[in-house]
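Nothing in this text is a laboratory measurement; each read-out follows from the coordinates by a stated rule. Not measured: the values here are computed from a predicted model. So basically every Cβ, Gly included, is an ideal-geometry build from the backbone, and we count neighbours across all protein chains shown.
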Amino acid sequence: MKAKAPQGQAPRDKQRGSSTGGQRPGLVVIGASAGGVQALQTLVSELPAAFPAAILIVLHIGSHPSIMPALLSARGPLKAQHATDGEPIVAGHIRLAPPDHHLLVEGQHLRLSRGPKEHHTRPAIDPLFRSAAMTVGPGVVGVVLTGRLDDGTAGLQAIKAYGGIAVVQDPGDAAESSMPASALKYVHVDHCVPLALMAGLLTSLAMEHLEAIALPSPFVCPDCKGGLWEIRASQPQRYRCHTGHAFTLRTLRHAQSEATDEALWGALRALQEKEILIRTEQTRHRAEGDERAARQLDAEVEQLTEQANLLRQLLERMPGP
């Protein structure tokens, strides 16, 4: 039987005067236990492909083999994988704690640990939440979903202490209410929502964070062709796309120069190939005794030759990157 939300904790989205000071999450950390497999599949199925924050997940799986990354990848546009030690944290990527390892945040990278079990489990939620709070501070949001007992409560307290945002699934909506109910009892939670509203809330918070730290730029990412955002107050000046590709102004100019160079050489190749095709067609007409049809293509060949020559001259005069 599902427990009701504790007295004074409304089972609806409720702003609670958080201490974030206007900061919004660049990193989303999620903890779940019993009932979490279905809850996580439902949540990721509603997230957009351009979700602008990294997502780290701990599900209580112990040392048992897990196919959760495949299950989550099949349900939504974001691809999920078990985390590997030392890999960078990238926006739009979902990483899960692998079996029998705590997942931690260290700087801009992920760390795996076989440290002591917490709450009689490894992986546990609290180590991830604590490390994210200490590393990212106001830029992290912690989410406690369905589960038994109280893992995640202390970690959510740490996130709040470092200025982050605390989000809890409505206990009345959870398959197992103990974990979210404990978080609501002991943490000054910012948002308590049913699972159906969770993806929209997290997307909104992540977008607010992106807009707080970055401005849209007129440039396109040379790697994936997505729009680039200019990071505020960054020295040297930096740009990042939703996928996670990042550039300083200098490296962006270098990458764009290479892309321009490649595009122009591609255009020259296309002009030359078109000229060859037309000359081949002229040869066929002449072989068939149709000189009139062959001559009709002379003007087009002449124009293509002139365009190719002009483009080649431009390329040869262009400075290097």
Requested in this report: Enumerate the amide H contacts of F219 below 5 Å, restricted to partners 5 or more residues apart or on another chain; note that Pro and chain-start residues carry no placed amide H.
Outcome: L228
Report summary line: Under the 7 Å Cα-to-Cβ spin-label approximation, A50 and S217 lie apart by a distance in nanometres of 1.6 nm
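Taking the beta-carbon count within 10 Å as an exposure proxy, list M134, M318, M68 from fewest neighbours to most.
Fewest-to-most Cβ neighbours within 10 Å comes out as M318, M134, M68.
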Query raised in the report: Which whole-angstrom value gives the distance between the alpha carbon centres of the range 45-84 and the range 176-226?
Result: 16 Å
**Report entry** Sorted by Cβ neighbour density within 10 Å, fewest at the top, the residues W265, W229
**Finding:** W265, W229
Query raised in the report: When the chain is modelled as a GNM with alpha-carbon springs shorter than 10 Å, which of S178, S63, S131 fluctuates the most?
Result: S63
Report summary line: If every Lys and Arg gets +1 and every Asp and Glu gets -1 at its Cβ, then about the Cα centre the chain yields a dipole, in debye to the nearest 20, of 1040 debye
Query - Karplus-derived HN-Hα couplings along the range 251-261 (A = 6.51, B = -1.76, C = 1.60, θ = phi - 60°), whole Hz, x at Gly and Pro - result: 5, 5, 4, 5, 5, 5, 4, 5, 5, 5, 4
Query raised in the report: Which one of A154, A294, A53 has its Cα pushed farthest toward the positive end of the charge dipole of the chain, where Lys and Arg give +1 and Asp and Glu give -1 at the Cβ?
Result: A154
Query raised in the report: Pairs K79/K225; K79/K185; K160/K225: which are spaced more than 25 Å apart, C-alpha to C-alpha?
Result: K79/K185; K160/K225
Report summary line: Taking R0 as 35 Å and r as the Cβ-Cβ distance between S257 and T283, the FRET efficiency 1/(1 + (r/R0)^6), rounded to the nearest 0.05, comes to 0.35
Query raised in the report: So what J values fall out for the range 156-166 if you push phi through Karplus, 6.51 cos²θ - 1.76 cosθ + 1.60 with θ = phi - 60°, rounded to Hz, Gly and Pro as x?
Result: 5, 4, 5, 4, 5, 5, 9, x, x, 10, 10
Report task. Evaluate the distance, in nm, between pseudo-label points positioned 7 Å from the Cα of H82 and of D100 along their respective Cα→Cβ axes. Result -> 1.0 nm
Query raised in the report: Under a point spin-label approximation (7 Å from Cα along Cα-to-Cβ), what is the R312-T42 distance to one decimal in nm?
Result: 6.6 nm
Report summary line: Row for the range 27-210, column shape: gyration tensor on C-alpha, a ≥ b ≥ c, rounded if a/c < 1.5 i.e. under 1.5, prolate if a/b over b/c, else oblate; value rounded
Query raised in the report: By a straight-distance test (C-alpha under 17 Å), which aspartates and glutamates pair with K274 as possible cross-link partners, with residues fewer than eight away in the same chain excluded?
Result: D298, E300, E302, E306
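To make sure I understand, if each residue's beta carbon is the centre and we count other beta carbons within 10 Å, what order do H102, H82 fall in, fewest to most? Don't skip to the end; give the middle numbers.
Details: H102 24, H82 15.
Ascending number of Cβ neighbours within 10 Å: H82, H102.
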